1. Dividing the alpha-carbon radius of gyration of the chain by 2.2 N^0.38 Å (N being the number of residues), what value is obtained?
2. Tally Lys and Arg at +1 and Asp and Glu at -1 over the other residues with C-beta under 12 Å from the C-beta of V96: what net charge comes out?
3. Considering only DSSP states other than H, G, I, E and B, which chymotrypsin sites (Phe, Trp or Tyr not before Pro) in segment 50-138 qualify as loop sites with at most 15 other Cβ atoms within 10 Å?
4. Just want the answer: with Cβ charges of +1 for Lys and Arg and -1 for Asp and Glu, which residue in I4, A146, S126 is farthest toward the dipole's positive end in the chain?
5. Given the options G170, G111, G93, state which has the largest fluctuation in a GNM of the chain using a 10 Å cut-off (strictly under) for Cα springs.
6. Counting each DSSP H run of 4 or more residues in the chain as -39500 (n - 2.57), what helix-only mean residue ellipticity at 222 nm follows after dividing by all residues, to the nearest 500 deg cm²/dmol?
7. For K153, give me every one of the aspartates and glutamates with a C-alpha distance below 18 angstrom, ignoring sequence neighbours fewer than eight places off in its own chain.
8. What longest region of the chain stays clear of trypsin sites (Lys or Arg not before Pro) that DSSP places outside H, G, I, E and B and that have at most 13 other Cβ atoms within 10 Å?
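Values in this text are rule-based calculations from the coordinates and carry no lab data. All values reported here derive from a predicted model rather than from experimental measurement. Here the Cβ positions follow ideal geometry from the backbone for every residue, glycine too, while neighbour counts run over all protein chains shown.
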Amino acid sequence: TNTINVSGEGEVFAVPDTATFSVTVQETAKDVQTAQAAATKKNNDIIAYLKGAGIDEKDIQTTDYNIYPQYEYGTQICPMGSYCPPGKQTLTGYQVSQTLTIKVRDTKKAGDLLSGVGSRGATNVSGLSFTIDDQKALEAQARGKAINDAQDKAEALAKQLGVRLVRIVGFSEGGGGQIYYAKSMALGMGGDSAAAPSPEIATGQNKIVSNVSITYEIQ
């Protein structure tokens, strides 16, 4: 059986409709209970603020929770060339760290939310990203374009070779994926978060790419 193999690529552009970011609260105290209580209060304040801003409870998830003992290490002076034992390790307290991951279904709110959680005690805000909620529908569109591209190439190639396309005997899809483009983004924490303006957030565009390979039997 004689065959030819052609490849095709399809691209679809769309503006993201969902934003995701993470908020971390860290508190340190001499005992675990005090550190946990302080961290819990700040996290509860942040969660209450997010719910009040229209974020559903199902879109607020605890993704990390850690308790770290804090130590001080003593130093000592040792004679030159002699063995120097390690300094004494002293437990000084505990650090509690809790991270929430938030999904925002109205990307226009992202800037205000970043400022809002910062003014309510967040130690760190990170991982801001934009996605498309119905990704599969766009992937199907990109795949359709890729198949059409491959078919056009196969028909042109068959005409140039003086052969006829009989049927498809092989198909594969690979590579491609989602590429994110943004023109600008300003994101920062520090200073007086309550008084600072909300950061400018540009959602940009996502490009969904599909690459296909089709094998035709020819006559």
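1. Details: Rg = 27.9 Å, N = 219, 2.2 N^0.38 = 17.1 Å.
That ratio works out to 1.64.
2. Neighbourhood net charge equals -1.
3. Passing both the DSSP loop test and the Cβ count: Y83.
4. After comparing all options, I get I4.
5. G170
6. My calculation for the chain gives -9000 deg cm²/dmol from helical runs alone.
7. Reachable aspartates and glutamates: E9, E11, E173, E217.
8. For trypsin sites (Lys or Arg not before Pro) (loop position, at most 13 other Cβ atoms within 10 Å), the longest site-free span of the chain is 106-163.
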